[in-house]
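J.: Right, I'll just put the structure down here and ask away after.
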Amino acid sequence: MYAALITLTIDPAQAPAAAAALMNDILPKLTAAPGFVSGQWLEPVDGRGMSILTFENEERARAAAPLLGGSAPGVTIESVEFRRVALTAP
């Protein structure tokens with residue numbers, strides 16, 4: 001399994017519109033992506049957000065990368081890292 005670790009900034013003035021875009025546009029595309037396993041979106045702190053998305057393998061994680069930069073107003077993707085998941089726990 002592979003994880004995509006995403007860091008981003010969110011303009012606080014556009015946070016409600018960004019959240020709506022995540023729920024209505026980006027999330028449905030990501031969850032439908034081949035190999036998608038799970039996703040966690042961490043609450044932003046001081047305008048910085050993080051997400052951890054897991055996929056069946058590295059190829060699927062990298063193939064989904066264009067979906068990560070979806071059109072959410074006021075959101076700037078700062079970095080995307082791909083790493084093999086070493087261990088999971090329920």
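J.: Look at Glu81 and say whether it is in contact (Cβ under 8 Å) with a residue 60 or more places away in the chain, loosely packed, with under 12 Cβ neighbours inside 10 Å, assigned to a strand (DSSP E or B) and not small (Gly, Ala, Ser).
T.: yes
J.: Right, something else. Find the helices (runs of 4 or more DSSP H) located wholly in segment 1-73 whose residues include 2 or more that are open to solvent by 20 Å² or more (accessible area, probe 1.4 Å), more than 24 Å from Thr88 (Cα to Cα) and in contact (Cβ under 8 Å) with a residue 40 or more places away in the chain, and list them.
T.: In segment 1-73, 15-21 are the helices (runs of 4 or more DSSP H) which contain 2 or more residues that are open to solvent by 20 Å² or more (accessible area, probe 1.4 Å), more than 24 Å from Thr88 (Cα to Cα) and in contact (Cβ under 8 Å) with a residue 40 or more places away in the chain.
J.: Regarding Val75, is this residue over 12 Å from the mean Cα position of the chain (by Cα) and modelled with pLDDT under 95?
T.: When the stated conditions are applied, Val75 does not pass them.
The values are calculated or read from the model by the stated rules, or taken from the named source; none is laboratory data. Note that the coordinates shown come from a computational prediction; the quantities given were computed from them, not determined experimentally. Cβ coordinates were reconstructed from backbone atoms using ideal geometry, including for glycine residues, and neighbour counts include every protein chain displayed. Protein only, heavy atoms only, side chains kept; ligands, DNA and RNA dropped before computing areas. Shrake-Rupley method; radii C 1.70, N 1.55, O 1.52, S 1.80 Å.
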